[in-house]
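Bear in mind these aren't lab numbers, they're just calculated from the coordinates by the rules spelled out. Because the structure is predicted, anything quoted here is derived from the model rather than measured. Don't worry about glycine lacking a Cβ; one is built from the backbone with ideal geometry, like all the others, and counts go over all protein chains shown.
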Amino acid sequence: MTRVCAIDLGARELKLMEADGRLLTYHAEVLLPDGALIDGMPTPLLTAAVRGAVEAGGFTATRARVAIAETGTAFRDFRLPALRDSELSRAVMFEGRRQVPMTAADVYFAWNAIRDADGYAVYLAAARREMIDALIAAVAAAGLQVERMDLKPLALARGMGVADGLLLEWGAAEATLVLMARGRPRFFRTFLLDAPADDVEAQLDELALSLNALIKFIRGSASDVPITSATPLFLGGRFSFLPDGPQRAEQRFDFRVTLPTTRFTVPPGFPWEAHFAGAGLIQQSRWRNRLTPSQGGDTRVAA
């Protein structure tokens with residue numbers, strides 16, 4: 001099997017994980033230096049951070065898949081009537097260009113369509129072309145060829161194996177919350193943590209405050225998705241590395257706390273709980289029209 005490096009690129013954190021088929025081999029987690037990303041755009045500091053993590057972590061892969069946060073992206077969830085397969089792609093792109101508040105020539109699109117009795121449920125993502133091209137170039141300058149890009153909320157949900165419920169990944173300097181409903185992300189937000197990583201209690205308090213505020217917002221903006229104390233809350237990241245982490249989460253969060261499991265072969269001591277987005281990148285997706293351009297230009301190909 002060809003080795004693949006999965007890169008989880010956050011606002012302040014960089015996580016890398018290498019896989020050889022279903023076997024996880026290497027990992028790295030570092031804080032990004034100030035100025036590595038400016039409004040989603042990479043600087044030479046990002047290339048240096050990726051290269052340093054690859055060299056220090058012993059990575060051998062030359063191909064990479066990258067998950068990015070929501071900066072510089074837009075998302076739409078809409079329906080289309082029943083169409084012939086030959087008409088679906090054109091209809092999705094027409095509706096996407098109509099709904100997304102970006103100039104079509106300035107973005108890359110990616111989408112997923114699920115057929116049901118009434119037609120298609122479509123979830124579409126658009127990302128700034130300039131940003132995506134710059135990220136690909138920055139990673140290439142670090143010695144890795146990007147073969148696929150994804151959005152972190154999608155990769156995170158895929159890696160955790162969650163179709164319905166809340167996901168909360170806790171990192172050293174940031175956290176990501178995702179609401180999944182019927183296999184579709186209805187809300188997601190990455191937010192920074194002010195407390196230092198070694199002040200666990202202060203970060204847990206921040207997580208609780210941010211989670212409560214975001215849940216209040218979600219209940220107003222996605223009122224068709226009920227969120228109650230019976231809603232499962234899947235935890236990733238630092239929760240698994242704390243003594244009684246799930247119990248401490250249950251004391252602060254009024255939800256049914258669950259820890260996901262991995263579907264990979266994991267060496268002893270490998271911190272796979274910190275790499276759910278990376279796991280989601282390695283797994284196959286059914287999305288069409290990659291966010292990354294093909295080598296022949298902006299050719300629409302199946303991801």
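Look at L16 and say whether it is farther than 15 Å from A279 by Cβ, of a type outside the set (G, A, S), buried (at least 22 other Cβ atoms within 10 Å of the Cβ) and in contact (Cβ under 8 Å) with a residue 40 or more places away in the chain.
Against the criterion (farther than 15 Å from A279 by Cβ, of a type outside the set (G, A, S), buried (at least 22 other Cβ atoms within 10 Å of the Cβ) and in contact (Cβ under 8 Å) with a residue 40 or more places away in the chain), L16 does not qualify.
Given the conditions (1) in a strand (DSSP E or B); (2) of a type in the set (K, R); (3) out of contact with any helix residue (DSSP H, G or I) (no Cβ under 9 Å at 6 or more places or on another chain), report the number of the one that K216 does not fulfil.
(1)
Looking only at region 187-213, filter to residues that are of a type in the set (S, T, N, Q) and assigned to a helix (DSSP H, G or I); which one of those is surrounded by the most Cβ atoms within 10 Å (Cβ to Cβ)?
Q203
Looking at L154 and the list (1) closer than 30 Å to R129 by Cβ; (2) of a type outside the set (V, I, T); (3) part of a strand (DSSP E or B), which single condition is not satisfied?
(3)
If we keep just the residues of region 1-33 that are of a type in the set (S, T, Y) and in a strand (DSSP E or B), which is nearest to G171 (Cα to Cα)?
Once the filter is applied, the top-ranked residue is Y26.
Go over the candidates E87, E95, E70 one by one and state the one that is surrounded by 16 or more Cβ atoms within 10 Å (Cβ to Cβ) and over 20 Å from M149 (Cβ atoms).
Only one candidate qualifies: E95.
Of the residues that sit in region 34-74 and are among the hydrophobic types (A, V, I, L, M, F, W, C) and in a strand (DSSP E or B), which one is nearest to G96 (Cα to Cα)? Before the answer, list the steps.
Going residue by residue through region 34-74, those that are among the hydrophobic types (A, V, I, L, M, F, W, C) are 36-38, 41, 45-46, 48-50, 53-54, 56, 59, 61, 64, 66-69, 74.
Now drop any that are not in a strand (DSSP E or B), which leaves 37-38, 41, 64, 66-68, 74.
Numbers: L37: 27, I38: 27, M41: 23, A64: 28, V66: 23, A67: 22, I68: 20, A74: 10 Å.
Among them, the one singled out is A74.
How many of the residues in region 136-186 are buried (at least 24 other Cβ atoms within 10 Å of the Cβ) and of a type in the set (D, E)?
Qualifying residue count for the region: 2.
Inside region 246-265, can you point out the residues that are more than 21 Å from the chain's Cα centre (by Cα) and touching a residue at least 12 places away in the same chain (Cβ under 8 Å)?
Hits for region 246-265 are P246, R248, A249, R252, F253, D254, F255, R256, T265.
Identify, from the list A127, A137, A163, the residue that is in contact with a Ser or Thr (Cβ under 6 Å, 6 or more places away or on another chain) and among the aliphatic types (A, V, I, L, M). Show your work before the answer.
Values: A137 fails: in contact with a Ser or Thr (Cβ under 6 Å, 6 or more places away or on another chain); A163 fails: in contact with a Ser or Thr (Cβ under 6 Å, 6 or more places away or on another chain).
Result: A127 is the single residue among A127, A137, A163 that is in contact with a Ser or Thr (Cβ under 6 Å, 6 or more places away or on another chain) and among the aliphatic types (A, V, I, L, M).
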